[in-house]
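The structure under discussion is supplied below as structure tokens; questions concerning it will follow.
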Amino acid sequence: MLILQRRKGQSLSINNNITLTIVDTGADWVKLAIDAPKEIPVLRTELVEAAAENQEASRTISREVLNKILKQK
């Protein structure tokens, strides 16, 4: 892991096509602006984790329960 120190208004570049800029900072938070190509997904880690949990939960549901849910709609 690379750890960098940046100040408000400063940027860093990743692979010549992604730029991260420090927009604002607080005591325990930082606001970033991310400029990346549209084909590169940029997601918050908690959303990636939630999606993985949902996928895992969907694999464990039985056909019977799934059919029951679908019939209710």
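So if we plug the beta-carbon distance of LEU47 and LYS71 into 1/(1 + (r/R0)^6) with R0 = 30 Å, what FRET efficiency do we get, rounded to 0.05?
Once the sixth-power term is evaluated, E becomes 0.45.
Can you give the helix-only mean residue ellipticity at 222 nm for the chain, where every DSSP H stretch with n ≥ 4 adds -39500 (n - 2.57) and the sum goes over all residues, rounded to the nearest 500 deg cm²/dmol? Can you show the working numbers first?
On the way: 2 runs with 26 residues, N = 73.
Calculated from helices alone, the mean residue ellipticity at 222 nm is -11500 deg cm²/dmol.
Hey, how many Å between the Cα centroid of segment 50-64 and the Cα centroid of segment 2-23?
So the two Cα centres are separated by 37 Å.
Report in % the part of the accessible area of the chain that belongs to carbon and sulfur, leaving out ligands and nucleic acids; probe 1.4 Å.
52
How much accessible area does LYS8 have with a 1.4 Å probe, in Å² rounded to the nearest 10?
Near enough 130 Å² of accessible area.
Can you give the angle from 0 to 90° between the axis of helix 45-60 and the longest principal axis of the chain, with both taken from C-alpha atoms, to the nearest 10?
20
Ranked from highest to lowest mean number of other Cβ atoms within 10 Å per residue, what is the order of the peptides 11-22, 30-41? Walk me through the intermediate numbers first.
Values: 11-22: 12.0, 30-41: 10.0.
So the peptides 11-22, 30-41, ranked by packing, come out 11-22, 30-41.
If the chain between LEU32 and ALA57 were fully stretched, how many nm would it gain, using 0.36 nm times the residue separation less the Cα-Cα distance?
Answer, rounded to one decimal: 5.8 nm.
Any chance you could give the angle, 0 to 90 degrees and rounded to 10, that helix 63-72 forms with the longest Cα principal axis of the chain?
The helix 63-72 is inclined about 90 degrees to the chain.
How long is the gain from GLN10 to ASP24 if the chain were fully straight, where each residue apart is worth 0.36 nm and the alpha carbon distance is subtracted?
Once the chain is fully extended between GLN10 and ASP24, it gains 4.0 nm.
The values are calculated or read from the model by the stated rules, or taken from the named source; none is laboratory data. Just so it is clear, the model here is predicted, and its values are computed rather than measured. With ideal geometry, Cβ positions are generated from the backbone for all residues, glycine too; neighbour counts draw on all protein chains shown. Accessible surface areas use protein heavy atoms only, side chains included; no ligands, DNA or RNA. Shrake-Rupley method; radii C 1.70, N 1.55, O 1.52, S 1.80 Å.
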